[in-house]
Each structure stands twice: as C-alpha cells, then as structure tokens.
Amino acid sequence: MENICNVTTGEARLSYAHLFKPYAPMQGQEEKFSVTVLVPKTDMDTMNRINAAIEAAKQRGISEKWNGQCPPIVPTPVYDGDGVRPSDGMAFGPECKGHWVFTASAKLDYPPEVVDKMGNPIINQSEVYSGMYGRVNVTFYPYAFGGKKGIGCGLGPVQKLRDGEALGGGHVSAAQAFGAPQTLAANPQQGYPQAMTPPWGQSQTVQPTQQPSAGINPITGMPY
C-alpha cells in the first residue's frame, strides 16, 4: 500500500546538510541527522505531493495522536523562503528566495542512505555539502508531546544530482583551491615538474648557485 505521507522531491537545493554526522543546534539537544531542503516554487509537482502528504499526516494525527480532534492551528514544517524564519522573525537567507523551505531529520539509529545520481553509495563525504543539488525522500508525520501538536518531517534517503555553489563557505574543491589539474612533465634543467611553478603559481627562473671567484675568500670577500 502506498504511503501517501512519504514524498521523494524533485531536484532541490540542500542546506545545513548533516547527513554523515549527527548534529544538535544547541548544546544539550538531541543530535540528529538532518538537512534543510529548498524546493523551487516552480516545482508544483513536488509541492502538491508535499501538501497532500501533510494533509494525510493530519488525518493520521486525528485518529492516532490527537484524540479524534484536529487542533485549530496545526504547525507544519514547510515555510515560505520569501518570508521570515519562525524561530526569530528574521528573513531567510538569499538562497531561500523563490523556494519553499523545510528541514527533515532522522534519529541516530536511522542514518540516511546517501547515494550519487547513479544510485551508488557516496563514500567520500566531502562530495556532500550545503549548496549541492539533489533529491530527498521524506515522511511527514503527526506528533504530540509537551503539550504541542503538529506535523514533523522525517529524513529518508538522499540522492546527490549535481554540484552547486557552496553555502556558508564549507566546501572548497581541490581544483578551486589549487587550480585545474595539470600534466606533470619532468624538467631536467630545473629538477622539478614543469607544472610546479614555485612557489604559488608564479613563474620564476631558478638561478644556479653562484660560485666564488678564484682567489677570493667567500667569507671575508678578501683575497687569500
């Protein structure tokens, strides 16, 4: 039976990606795997499915969590990136403009699978960072604890589709740091590969060590 509360997004941008190591926003809070998903407002298909999943989660809440009644206001995890953050009333970051924004998380016992566009597990964790583009599988669910009722968002598998500009300066590739890879060819005159122009990409000519003139003391500069 299809779980209508479960959604796999279209291509979205990922922010605050904590997919390999759990993270807690504040000391003392429970550490979780999490990612913030930025869904373009032009992707109506994804948002229609998310809205349907949230409505289905509300119905589950009525029957399973909320004693047969729906609260007058049900907090949901999806926010307008052109609006303000509910936590502090400040505007969302510029990367959120034109997007719907939500955060999905998973407990320590349920680390998300992270795969590449071919479906293979990503081993090199540096390939996964805030700012890349991918698809995320999420499940919306009702909750009731501490006197609060609402809809949460659970994190499932994540698929990286392509690279993007890093958010927060957390991802710099070797090519960005050191330049594009070059073919190393030995230079017999200088004794090191031609691509390794010392000391930081500037072209320099290596001068042979100057030999002292015959009959001159190299220490005092005076004739012997």
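Quick notes
- Candidate cross-link partners of residue 97 among the aspartates and glutamates, defined by an alpha-carbon separation under 18 Å and a same-chain spacing of 8 or more, comprise 11, 43, 80, 82, 88, 165.
- Set of lysines with alpha-carbon distance to residue 160 below 19 Å, sequence-local pairs under 8 removed: 21, 117
- Across the stretch 48-53, coupling constants 3J(HN,Hα) worked out from phi with the 6.51/-1.76/1.60 Karplus curve, θ = phi - 60°, read 4, 6, 5, 4, 5, 5 Hz, and Gly and Pro carry x.
- One equal scatterer on each Cα of the stretch 53-129, no solvent, Debye formula: the resulting log10 I(q)/I(0) at q = 0.16, 0.21, 0.25 Å⁻¹ is -0.94, -1.05, -1.09.
- Its relative contact order, with pairs defined as Cα atoms under 8 Å and 6+ residues apart, puts the stretch 68-129 at 23 percent.
- Scalar couplings 3J(HN,Hα) for the stretch 148-161, obtained by applying the Karplus form with A = 6.51, B = -1.76, C = 1.60 to θ = phi - 60°, are 10, 10, x, 10, x, 9, x, 9, x, x, 10, 10, 7, 9 Hz; x denotes Gly and Pro.
- Considering only Cα atoms, the convex hull volume of the stretch 6-174 works out to 136 Å³ per residue.
- Note on the stretch 6-174: dipole from Cβ charges, positive end direction compared against 105, 52, 136; the farthest Cα belongs to 52.
- Debye, to nearest 20: dipole size of the stretch 6-174, +1 on Lys, Arg Cβ, -1 on Asp, Glu Cβ: 360
Coordinate-derived values only; no laboratory data. Keep in mind it's a predicted model, so treat the numbers as computed, not measured. A quick note on method: Cβ atoms are made from the backbone with ideal geometry, for glycine too, and the neighbour counts reach across all protein chains shown.
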